[in-house]
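Reading through the structure tokens given below for one structure.
The values are calculated or read from the model by the stated rules, or taken from the named source; none is laboratory data. Computed from a predicted structure; not experimentally measured. Cβ placement follows ideal geometry from the backbone for every residue including glycine, while neighbour counts extend to all protein chains displayed. Areas reflect the complete protein model, heavy atoms only, side chains present, ligands, DNA and RNA absent. Shrake-Rupley method; radii C 1.70, N 1.55, O 1.52, S 1.80 Å.
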Amino acid sequence: MDIYGSTLSPGLDIGTGCYLLVVAVLSIMGNLLVLIMAFKRSSKMKPPEMLSVNLAVTDLGAAVTMYPLAVASAWNHRWLGGQITCIYYGLAGFFFGIASIMNLTVLAVVRFIVSLNLQSPEEKISWMKVKMLCAWTWVYALIWALFPILGWGRYGPEPFGLSCSLAWGEMKHEGFSFVICLFLFNLIMPSIIIICCYFGIAIKLYTTYRRSNNSNQMPNIIKLHRRLLIIAVLISAGFLGCWTPYGLVSLWSIFHESSSIPPEVSLLPCMFAKSSTVYNPMIYYIFSQSFKREVKQMRSLCRSSNSCHASNNVNDNVFYMSKINDPKPRMSARSTVLEVIDSKIMTLE
């Protein structure tokens with residue numbers, strides 16, 4: 001049996017290739033836009049925002065290094081390059097996947113720390129700490145990606161033949177400890193931390209405004225709490241929605257014969273996981289008012305001139321917020337609450 005041949009129908013192979021091409025284009029364009037915006041305002045960027053930039057780099061790296069090979073293989077109806085490219089693809093996917101998950105976890109923890117005292121203008125996270133955290137995510141991901149090369153775990157083709165990842169079906173005995181540690185430290189624990197941190201932020205903001213003596217702000221407090229809750233659920237659900245189906249199918253392959261899963265069924269969770277590189281720029285654009293304004297401004301500048309540049313003057317202090325109780329003459333209660341929303345939570349989700 002040719003393990004690198006597609007087990008899907010020719011029509012489904014072509015459809016898979018087209019889907020991956022769309023995912024690749026959207027991911028590259030969206031994450032490049034995030035990086036361009038970050039570069040344009042790099043001189044005024046706050047330290048925690050570097051984690052969002054780091055996340056965009058991981059998503060962009062996955063799209064550039066993996067998806068073109070997957071598209072070409074799908075349209076060729078078999079995996080191109082054999083074992084060498086299969087190991088490369090599996091290592092790259094595992095590496096960028098772990099880096100993204102760890103970056104999301106660190107970002108959630110940092111945001112929770114920043115939210116502990118909303119009225120403090122001091123930066124709780126320094127540039128040195130953020131750089132160390134970013135470096136840690138890459139080193140941690142690299143160590144896990146090298147484990148299968150060193151003998152703990154194994155890379156191999158997916159059951160449908162058009163992708164490579166960890167050889168789940170071949171790790172029932174000798175690689176079982178690797179699978180348990182992988183799911184515990186890189187899926188279960190990060191998921192719990194992310195959910196707890198974002199719901200902790202929502203609860204913290206809600207209780208902070210409940211202590212406010214200004215009764216005129218109560219309608220806005222309700223809107224704020226609801227909006228923060230939606231964002232927290234979206235971030236958590238997006239993470240779990242992309243990776244949990246793939247993890248469940250992979251676990252099934254460990255405890256049962258992988259041949260018991262139809263190729264079409266094993267294809268779907270793999271495609272969901274690959275689409276995770278697309279969602280973050282969309283969330284930024286929909287929920288970050290400052291990001292949306294800068295994108296629109298950049299688009300208008302592109303239409304009116306040959307050189308495109310995004311303004312650094314629109315909501316520059318986008319992650320931190322100065323004292324909430326600081327009086328501002330021409331600012332209403334509604335604008336104050338909205339500024340807190342954009343400053344503390346909405347920036348580069």
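Taking 7 Å steps out from each Cα toward its Cβ at Ile143 and Phe199 produces label points 2.9 nm apart.
Report the extension gain between Met132 and Tyr285 in nm, rounded to one decimal, defined as 0.36 nm multiplied by the number of residues separating them, less their alpha carbon distance. Numbers along the way, then the final one.
Working: separation 153, 0.36 × 153 = 55.08 nm, distance 2.80 nm.
Value of the extension gain: 52.3 nm.
At a probe radius of 1.4 angstrom, the accessible area of the range 57-171 per residue rounds to 41 square angstrom. All other residues with a Cβ under 12 Å from the Cβ of Trp79 taken together, and with Lys, Arg as +1 and Asp, Glu as -1, what is their net charge? That sum, taken over residues with Cβ under 12 Å, equals -2. Between the beta carbons of Phe272 and Trp152, assuming R0 = 35 Å, the FRET efficiency works out to 0.85 to the nearest 0.05. For the pair Ser177 and His256, the difference between a 0.36 nm per residue extended length and the Cα-Cα distance amounts to 26.8 nm.
Size descriptors for the range 28-156, from the alpha-carbon set: Rg then Dmax equal 17.7, 58 Å. Our Cα-only numbers for the range 10-302 put the radius of gyration and Dmax at 20.8, 68 Å. Counting lysine pairs in the range 10-302 whose alpha carbons fall under 22 angstrom apart, excluding pairs fewer than 8 residues apart on the same chain, gives 16. Remark: spin-label model distance Arg78-Leu35 equals 3.5 nm, labels positioned 7 Å along the Cα→Cβ axis.
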